[in-house]
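Down below is the structure, laid out as structure tokens.
What follows is calculated from the coordinates using simple rules that are stated; it is not laboratory data. Fair warning: this is a prediction, and the values are worked out from it, not measured in the lab. Ideal geometry is used to build each Cβ from the backbone, glycine not excepted, and the neighbour counts take in all protein chains shown.
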Amino acid sequence: MLSDPTRQTVLTLLRRRPSTVGELASRLPVSRPAVSQHLHVLKSAGLVLEERRGTRHYFHLNPKSLAELRGHIDSMWRDALTAFAEFANKETADHGKRKGNARTHSTKRPR
């Protein structure tokens, strides 16, 4: 869903200020119906909220959902970095053991 470049641009535009479909469409290389479809997807995911002011529909970011998404992504990165650190520490320890073993099995005679 967020991998779509148009949706990324919509989110970027909505970071600046709430906008109508027409305002967003004027800044994007897609039609108004296409913008509406992208907003529908973002709204269904809870990332965008719709506010009606008279006959106009304004869309804006949903800070609560974005904070939850950020928390989820941050936890995935923490897990990945922890796993990498554990792997790197194990490899360093294993390398040290192999290096130590190589010295004890040397074929050179002491002088």
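Springs between Cα atoms under 10 Å define the GNM used for the chain, and in it the highest mean-square fluctuation of His95, His40, His60 occurs at His95.
Could you work out the relative contact order of the chain? I mean the mean sequence separation of Cα pairs under 8 Å and 6+ apart, divided by the number of residues, in percent.
Value for the chain: 20 percent.
Among the lysines of the chain, pairs that are 8 or more positions apart or on different chains and have alpha carbons within less than 26 Å of each other number 4.
Exposure proxy ranking for Thr6, Thr82, Thr55, based on other Cβ atoms within 10 angstrom of each Cβ and starting from the fewest, stands as Thr55, Thr82, Thr6. Here's the picture: a label point sits 7 Å out from the Cα of Ala88 along the beta-carbon direction, and within the range 67-82 the residues with their amide nitrogen under 20 Å of it are 74-82.
Determine Rg/Rh for the range 1-73; Rg is computed over alpha-carbon atoms and Rh is the Kirkwood hydrodynamic estimate from the same atoms. Computed over Cα atoms, the ratio is 0.95. Taking trypsin sites (Lys or Arg not before Pro) across the range 1-71, the ones in a DSSP loop with at most 15 further Cβ atoms lying within 10 angstrom of their Cβ are Arg27.
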